[in-house]
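Since the structure comes first, as structure tokens, the remarks are kept for the end.
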Protein chains: 2
Amino acid sequence: MLKEERQRTILYEVELHNRVLLTDIADQLDVSIDTIRRDVKELDAENKLRKVHGGAISLGFTSPAAPNYKTYALKEKTGIAEKAFALLKEGSVIFIDGGTTCLELARLIPERLQLTCFTLSLPVAMQLLSKPNVDVIFVGGRISKDAQIATGASTVTDLSEIKFDYGFIGTGYVDSLHGLTEFDWDIVQVKKAVINASKKTVLLCISEKLNSQHRFKTCDINAINTMITELDPANNLLNLFRNHDIHLL
Amino acid sequence: MLKEERQRTILYEVELHNRVLLTDIADQLDVSIDTIRRDVKELDAENKLRKVHGGAISLGFTSPAAPNYKTYALKEKTGIAEKAFALLKEGSVIFIDGGTTCLELARLIPERLQLTCFTLSLPVAMQLLSKPNVDVIFVGGRISKDAQIATGASTVTDLSEIKFDYGFIGTGYVDSLHGLTEFDWDIVQVKKAVINASKKTVLLCISEKLNSQHRFKTCDINAINTMITELDPANNLLNLFRNHDIHLL
DNA sequence: AGCAATTTTGCTGTTTTTTGCAATATATTT
DNA sequence: AAATATATTGCAAAAAACAGCAAAATTGCT
């Protein structure tokens with residue numbers, strides 16, 4: 001049997017069943033497992049499949065189907081995410097909110113860092129799948145079409161039974177006096193639950209949102225432990241937040 | 001024997017069997033293997049076939065599916081999804097499983113159809129977000145990196161409190177005798193829960209998976225109400241499934 | 001036909017690729 | 001922690017590819 005034939009068969013099996021065991025394939029094709037191992041290694045190098053311990057899995061099952069429409073103010077948001085990332089410790093149990101800034105934080109997590117990440121954002125969950133050492137737990141519920149996050153009573157209930165070391169959240173609007181506010185009532189409910197479930201709450205917020213407000217209130221500004229913007233913590237724009245018991249980063 | 005004649009024979013063999021061994025051809029045409037090697041080299045240079053170690057393979061064998069991250073057997077799966085789609089009624093409460101076939105079903109749902117869709121697959125949920133009249137509910141839990149679906153005890157518990165009109169599921173392996181089986185135990189647990197939560201269970205399954213099995217059992221074949229393959233329901237390959245109380249589509 | 005030039009072919013020895021095996025190391029499970 | 005499964009590495013045998021060479025066949029020419 002030609003090598004190409006064998007590799008074709010392996011790919012076929014992987015595509016068909018999404019995952020295969022090296023031993024199974026070696027058995028089926030009647031060659032040594034070393035040969036299969038080498039084949040799979042090659043196919044992996046060619047990006048035809050992904051080699052995992054003991055077998056191989058289809059790319060379609062693992063590749064981050066990332067539609068890269070560009071994020072607004074990406075640079076600022078990446079800067080914020082980097083500051084937030086510095087708070088992460090090996091083995092932490094954290095929550096990552098939806099929104100593009102939080103998505104950047106998820107993207108930033110390095111391969112070797114071991115974390116348990118809760119989220120209710122579909123894009124964040126997708127992003128976290130590519131991190132081998134991150135345990136991803138999705139808090140389910142009715143998915144909001146625009147925010148792409150789970151909302152509703154069951155989500156709130158589920159959240160009430162968890163404690164995160166850190167909750168990294170975004171917000172629609174923030175004001176030193178009126179606190180965090182949102183346009184959408186459902187989203188406020190889950191954000192409240194997240195803050196409640198977080199030992200420490202970290203707000204990721206681009207400076208453009210400072211001193212803006214809307215209809216529904218999530219929490220007072222004091223409920224936030226750390227606020228991260230893309231600005232230098234000493235920046236004058238942050239003065240109004242200095243009176244409160246908030247860490248500025 | 002003329003060189004040209006020989007090369008024509010080689011090409012013929014390659015086209016017929018998709019591959020050929022140099023030794024076989026040399027034997028068959030009763031010339032030295034070096035001659036065949038040189039012939040194949042020329043044919044390769046002319047792009048009539050592809051020379052590989054030990055033999056040659058047909059171009060059609062490699063080119064069409066080679067740089068292809070797309071869904072395997074997309075056409076078949078779309079066909080299956082179309083049949084499944086015909087079962088959907090306005091206002092139904094359904095469940096859509098993970099996997100590429102089920103993802104096709106999600107993709108097929110038209111804009112105007114009003115549905116309540118439960119899922120535990122991140123890609124399916126993402127897909128459903130683009131359907132304005134579909135209520136998307138994600139059943140949360142620990143996300144499996146490979147399958148990109150929620151698994152674990154909380155997922156199973158959540159599912160135990162729901163009833164779907166239809167549960168559209170896929171499977172890793174299916175056999176008329178051994179039923180639905182999987183490679184992964186965790187996945188079996190949630191699939192069991194899904195079947196339990198479905199008034200009617202519809203299996204979406206490409207015919208290549210028929211009569212295959214693996215380690216962990218999801219359910220007997222009788223637990224399935226309708227099985228959809230890309231084949232005509234009268235096809236002989238489905239004979240083994242006719243004794244059972246299954247609708248074939 | 002005769003003959004030289006060219007091409008084709010088979011042979012030889014050498015190099016490269018492929019494969020399986022065994023020993024060791026690493027990962028995973030119990 | 002031990003026990004098991006999987007990976008990695010080095011090695012050797014076998015198969016295949018390659019390069020060079022010379023005999024044989026083919027071709028083009030007179």
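Worth a mention:
- Any hit, the stretch B:194-211, residues being in contact with a His (Cβ under 9 Å, 6 or more places away or on another chain), more than 29 Å from B:L115 (Cα to Cα) and at pLDDT below 90: yes
- When B:M126 is tested against the conditions (1) closer than 19 Å to A:H17 by Cα; (2) assigned to a helix (DSSP H, G or I), the lone failure is (1).
- Any chance A:D27 is at pLDDT 85 or above, more than 10 Å from chain B (Cβ to nearest Cβ) and more than 11 Å from DNA strand C (Cβ to nearest atom): yes
- All conditions in (1) free of Cβ contacts under 8 Å to residues at least 12 places away in the same chain; (2) touching a strand residue (DSSP E or B) at 6+ places or on another chain (Cβ under 7 Å); (3) of a type in the set (V, I, T) hold for A:T157, with the sole exception of (2).
- Of the residues A:L122, A:L103, A:L87, the single one that is over 16 Å from A:E230 (Cα atoms), buried (at least 16 other Cβ atoms within 10 Å of the Cβ) and touching a residue at least 24 places away in the same chain (Cβ under 8 Å) is A:L122.
- In summary, A:S58 fulfils each of the numbered conditions (1) crowded, with 20+ Cβ neighbours inside 10 Å; (2) modelled with pLDDT of 90 or more; (3) not hydrophobic (A, V, I, L, M, F, W, C) with the single exception of condition (2).
- Criterion violated by A:S130 - all others in (1) of a type in the set (G, A, S); (2) facing chain B (nearest Cβ under 9 Å); (3) out of contact with any Pro (no Cβ under 6 Å at 6 or more places or on another chain) satisfied: (3)
- Scan of the stretch B:34-46 for residues that are surrounded by fewer than 17 Cβ atoms within 10 Å (Cβ to Cβ) and more than 8 Å from DNA strand C (Cβ to nearest atom), ordered by number: B:R37, B:K41, B:E42, B:D44, B:A45, B:E46
- Single residue of B:A197, B:A150 found to be more than 10 Å from chain A (Cβ to nearest Cβ) and farther than 21 Å from B:A73 by Cβ: B:A197
The values are calculated or read from the model by the stated rules, or taken from the named source; none is laboratory data. In this text, all values refer to a predicted model and were calculated from it rather than measured experimentally. Don't worry about glycine lacking a Cβ; one is built from the backbone with ideal geometry, like all the others, and counts go over all protein chains shown.
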